[in-house]
Amino acid sequence: MSSYGVLVTNNHAVPASWDVGAQAERLRFSTLLPGGGSTASWILRRPLSPIPNFLGFNYDVKITARGKVLWRGRMEDFIAHRSVAGTYWSVTAYGYGVNLDDRLYTTQNVQNTQTSQIVADAITNLTEDIAATSITATGFTIANNTAVNLTLLKAAQVVNWAKDFGDATNQQQIWYVYPDDDGTVRFTFKPRPATPDLYAVSDDFEVIEFGVVSRSLANRVVVQYNAGASFVTVDDTTLQGSGPGGWNLVRTLFIVKPEITQAVDATQVGNALLALVSKARLSATSIRLKPSAALVNGNGQRVRLDEVRAGMLVRLTDVDPAEGALTNLSYNNSFLIAGTDYDEDTASLNITPERQDEKSERALARAIAFAEGRRQP
């Protein structure tokens, strides 16, 4: 039986709620970037018939502990099982970030509109379950020369389209949907964090592999736009030069933005992406935290494993960043969390860090793609 509250509320005109935490087994919940709350799952040892009245599509699910809502989403799947292992129901809920995949614009002209406003409009017009927003107000304004029509795009696609422009200082944008402590469903769109949310030492991990992996790096970005008729190129000439300040090669990232028509917009996309892919960051390919891990926030307060979320920046305090001549190739001692999976039964947290795909199997896939003439950074 779970020690967490698992509060289910139906979607009827007069709602009813049930806390099934006392019946739930094998509870686990996860987060993902972009998106926020990913999945929550548990099993219920109940007869297969009748279907319990607290199981239903789009029923609200809150996972609670210590007087706060840790995870919130909507019920999607409930499957009956009968086998030698017994009779039970398996239940899966998805975080409310999935709301951004429900509806789409037929068309939306975003000419002369700030990217942060484009995001805000998509949330307002295309989502129903998001009650609050925290959106960065320093986005880039799309040129006012001609119409820029976003056609047949869902809200998640619109947000991802807008985030490629970065903000006014070319910072990468991230987004997620999480509940506030009181359960309010909140959409956040903001620059990638520069100040760590969590501090740890490498001894906090049962398993960890980390280092610099160069396959995601580029010092030139080419942006194709205007329905494929035009392109712009942006370069980091310092990194293209000789070491120690450069890589002594040109490495290109290619992206297509067919909806935009103006070079100024395409150049902004190029500069924002170049700021991201020209910096080597810590690539942590395998992480499993010890149940006793002492993660702390910036105030030195311990953070429970079940409160760690995708989108947080983690700094390893016992790993020194590179200095001096390697600054432009900087070995960073921090990584952004791209995903988490908390398992109540083992009280364990698995972390999916950014650039976790830079493993041997990914390298092999890239090598095959290169041999076939289809390689991209």
Inset, instruction - Starting from the Cα-Cα distance between ALA347 and THR267, subtract it from 0.36 nm times their residue separation and give me the gain in nm to one decimal. - result: 24.1 nm
Inset, instruction - Could you work out the mean projected area of the convex hull around the alpha carbons of the chain, in square nanometres to one decimal? - result: 22.0
Inset, instruction - Take the Cα gyration tensor of the range 68-114, multiply each eigenvalue by 5, square-root it, and list the three semi-axes largest first, rounded to whole angstrom. - result: 39, 15, 5
Legend entry - Pairwise label distance in nanometres, VAL256 with ALA294, each label 7 Å out on the Cα-Cβ vector: 5.3
Legend entry - FRET efficiency, 1/(1 + (r/R0)^6) with R0 45 Å, evaluated for ALA16 and ARG192 via beta carbons: 0.60
Inset, instruction - Treat each spin label as a single point 7 Å out from the Cα along the C-beta direction, and report the ASP180 to GLN224 distance in nm. - result: 4.5
Legend entry - Per-residue SASA entry for MET312, accessible area with 1.4 Å probe, Å² rounded to 10: 40
Legend entry - Alpha carbon Rg of the range 90-195, scaled by the compact-globule rule 2.2 N^0.38 Å: 1.10
Legend entry - Antiparallel content of DSSP bridges confined to the chain, in %, to 5: 85
Legend entry - Computed accessible area, PHE187, all protein chains, 1.4 angstrom probe, square angstrom: 0
Legend entry - Rg ratio (alpha-carbon, reference 2.2 N^0.38 Å) - the range 20-69: 1.32
Legend entry - Candidates LEU349, LEU152, LEU289: whichever shows maximal mean-square fluctuation once the chain is modelled as a Gaussian network with Cα springs under 10 Å: LEU152
Legend entry - Ranked order, HIS12, HIS81 - accessible area, probe 1.4 Å, largest first: HIS12, HIS81
Legend entry - Radius of gyration and Dmax over the Cα atoms of the range 103-143, both given in Å: 10.9, 32
Legend entry - Net +/- balance of residues flanking PHE205 in space, Cβ distance below 9 Å, scoring K and R +1, D and E -1: -1
Inset, instruction - Please find, in a Gaussian network model of the chain (springs between Cα atoms separated by less than 10 Å), the residue of GLY311, GLY245, GLY139 whose mean-square fluctuation is greatest. - result: GLY245
Inset, instruction - Filter the chymotrypsin sites (Phe, Trp or Tyr not before Pro) in the range 94-143 to those in DSSP coil with at most 11 other Cβ atoms within 10 Å of their Cβ, and list the result. - result: none
Legend entry - HN-Hα J in Hz across the range 232-240 - Karplus 6.51, -1.76, 1.60, θ = phi - 60°, x for Gly and Pro: 10, 10, 10, 10, 9, 5, 5, 5, 6
Inset, instruction - Work out the length of the dipole vector of the chain about its Cα centre, built from +1 on the beta-carbon of each Lys and Arg and -1 on the beta-carbon of each Asp and Glu, and round it to the nearest 20 debye. - result: 400
Inset, instruction - Mind pulling the per residue volume of the convex hull built on the Cα atoms of the range 143-207? Å³ is fine. - result: 183
Legend entry - Zero-based 10 Å bins, Cα pair distances in the range 240-321, whole percents: 11, 29, 24, 23, 12, 0
Inset, instruction - State the answer as a single residue: which of VAL91, ASN144, ILE118 lies farthest towards the positive end of the charge dipole of the range 91-175, with beta carbon charges of +1 for Lys and Arg and -1 for Asp and Glu, about the Cα centre. - result: ASN144
Legend entry - Label-point gap, in nm, between SER41 and GLU206 - each point 7 angstrom along Cα→Cβ: 1.8
Inset, instruction - Determine which lysines satisfy two conditions relative to LYS190: a Cα distance under 21 Å, and not lying fewer than 8 residues away in the same chain. - result: LYS154, LYS163, LYS279
Inset, instruction - Specify whether the C-alpha gyration tensor of the range 159-257 places it in the rounded, prolate or oblate class, a ≥ b ≥ c being the square roots of the eigenvalues: rounded for a/c under 1.5, otherwise prolate if a/b is larger than b/c and oblate if not. - result: oblate
Inset, instruction - Under a 10 Å cutoff between Cα atoms, tell me which one of PRO15, PRO244, PRO196 has the largest fluctuation in the Gaussian network model of the chain. - result: PRO15
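The values are calculated or read from the model by the stated rules, or taken from the named source; none is laboratory data. Not measured: the values here are computed from a predicted model. Cβ atoms come from the backbone with ideal geometry, glycine included; neighbour counts cover every protein chain shown. What goes into the accessible areas is simple: the full protein's heavy atoms, side chains included, and nothing from ligands, DNA or RNA. Shrake-Rupley method; radii C 1.70, N 1.55, O 1.52, S 1.80 Å.
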